[in-house]
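The values are calculated or read from the model by the stated rules, or taken from the named source; none is laboratory data. Remember, predicted model here, so these are calculated numbers, not experimental data. Cβ placement follows ideal geometry from the backbone for every residue including glycine, while neighbour counts extend to all protein chains displayed.
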Amino acid sequence: MNAQECTFPFFLIIPPGLEKVSIKEIEDLKKEFLSKNNIQANIQIVSSEKGGINLQGPLEIAALINNNLKIPSRLLLRLATFRCRDFPKLFLKLGKIKWNDWCYEIGKIQSSAANSTLFDSRKIEKTAKQAIDNFFKNNPAKKNEHKEAIHPKLFIRFQDDICTVSLDTSGERLGKRGLKVGTHISPLRENLAYACLYYFISQLKEKGCPGPYTLLDPMCGSGTFLSEAKTSHVPRDFSFNYIPLMEKVKRNSTKRFWFDSYPLDLNIKNIFGFDKDSRAISSAQLNLNKVQSFSKEIFNFTLKQEDFFVKESIFKVSDESIIVICNPPYGKRLVINEPRQLYLESFIEQAKVKFSPAYLGILFLDCSKKSEDTLYFEHGGLKVAFNIYANTKFRI
Ligand SMILES: C[S@@+](CC[C@H](N)C(=O)[O-])C[C@H]1O[C@@H](n2cnc3c(N)ncnc32)[C@H](O)[C@@H]1O
């Protein structure tokens, strides 16, 4: 069997806490792929652990995943796993990998070690570089016809003397969509915002509320939640595009549909964003314009400067299917003038009075009681929780 027909082990890096929702995203992508192409996407979820998911599948899943999944941080291709306690063996083992299938030249080499005989990262990386250079001396690299290439990074990890060698297929971390042009204080990472939004909508669908929804963020900052609602096409490059074996797969016309986009429609029709700071509104405007320019659909969005805590909104949002999503200041980097729990309660009360949403999704410091329906993860080194609150029943 040649490499084009084999399956490979992959490791999908996930922000800790978001593993379950990521598995749901993979399952939804598989359904979308099946409905568009009438064949199963052969992605096996082998196991999940804190911070990642082990997958097995053909090489082309690297394209499918990088192009479509919006929660993970990075996809690694496992090239080799072996026991190793000395540098000559490391050199030998790395020299056996067919590097000219995997890169034109290797990108940055990064190593880590825990509870292992080999632990000096400088020496590990130097040995790896020598082994790869030696391989290319004896087996010339394939001709690189790209003017600019993202040469894939190599990750070498030692754990209990087991060495795992992984090739990065993503390039820049996947949370960077290449669409954020404006920022404001304490912006959310795009993949974290998407995870909350996706989880929110999935829960609503499970409750029998399929939308269409009107999404409103009353403290939108640079508008990450709002942009993520409509980011279907990501206009950036990935390092899998510069893996010679992948290019071979892509040239095979029967496999091209693996490289397509399969955006999930969150069924959000209207978007509203408010913030008391005019600079936040300007950056949200830039970001949403950019998303709009890459989107196939024209969508409605309205952004206005307004203090959330003023009683009456200057802007009437008359819709019965409003869902509010927000990450208000936590009282860490952005100050709040009340004890945290009180602030959260008055936020919820005000959102209900002001917008009468069907549901509220709030990302806040993890300070409430543990609940099964809560998404817990880390944001900027802080433990945070995304909670959904019901207001009235959906009347759509
Ligand atoms: C944590 S940031 C939100 C970040 C945003 N999700 C993003 O990704 O850019 C909180 C935002 O709340 C805004 N804010 C704070 N108090 C507000 C109020 N009373 N009314 C409206 N906006 C407020 C701040 O200006 C800030 O932009």
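Structure above, values below:
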quantity	calculated
Residue match in the stretch 228-247 (condition: within 16 Å of the ligand (Cβ to nearest atom), under 16 Å from the mean Cα position of the chain (by Cα), among the hydrophobic types (A, V, I, L, M, F, W, C) and surrounded by 16 or more Cβ atoms within 10 Å (Cβ to Cβ))	yes
Residue selected from the stretch 111-169 under the condition among the basic types (Lys, Arg) and part of a loop (DSSP other than H, G, I, E, B), by the criterion nearest to SER73 (Cα to Cα)	LYS153
Qualifying position, being at pLDDT 95 or above and of a type in the set (Ser, Thr, Tyr), among SER293, SER232, SER283, SER261	SER283
Test for LYS143: is it among the basic types (Lys, Arg) and either under 22 Å from LEU92 (Cα atoms) or touching a Ser or Thr at 6+ places or on another chain (Cβ under 9 Å) (or both)	no
Options ILE322, ILE298; residue that is away from the ligand (no atom under 13 Å from the Cβ), within 23 Å of VAL234 (Cα to Cα), in contact with a helix residue (DSSP H, G or I) (Cβ under 8 Å, 6 or more places away or on another chain) and modelled with pLDDT under 95	ILE298
Pair list, Cβ < 9 Å and 6+ apart or interchain, from the stretch 31-43 residues that are among the aromatic types (Phe, Trp, Tyr) to residues that are surrounded by 12 or more Cβ atoms within 10 Å (Cβ to Cβ)	PHE33/ALA41; PHE33/ILE43; PHE33/LEU64; PHE33/ASN68; PHE33/PHE257; PHE33/TRP258; PHE33/ASP260; PHE33/TYR262
Output for the stretch 328-337, where each listed residue is surrounded by 12 or more Cβ atoms within 10 Å (Cβ to Cβ) and at pLDDT below 90	TYR330, GLY331, LYS332, LEU334, ILE336
Filter result (surrounded by fewer than 18 Cβ atoms within 10 Å (Cβ to Cβ) and in a loop (DSSP other than H, G, I, E, B)) within the stretch 340-365	SER356
One residue from LEU29, LEU77, LEU64 being touching a Phe, Trp or Tyr at 6+ places or on another chain (Cβ under 7 Å) and in a strand (DSSP E or B)	LEU77
Of all residues in the stretch 326-361 being in contact with a helix residue (DSSP H, G or I) (Cβ under 7 Å, 6 or more places away or on another chain) and of a type in the set (A, V, I, L, M, F, W, C), the one that is nearest to the ligand (Cβ to nearest atom)	ILE336
The stretch 179-227, subset surrounded by 24 or more Cβ atoms within 10 Å (Cβ to Cβ) and on the phi > 0 side of the Ramachandran plot, residue farthest from the ligand (Cβ to nearest atom)	GLY223
Qualifying residue in the stretch 265-276 (condition: within 11 Å of the ligand (Cβ to nearest atom), assigned by TED's automatic domain parsing to the domain that holds GLY211, touching a Pro at 6+ places or on another chain (Cβ under 6 Å) and not aliphatic (A, V, I, L, M))	yes
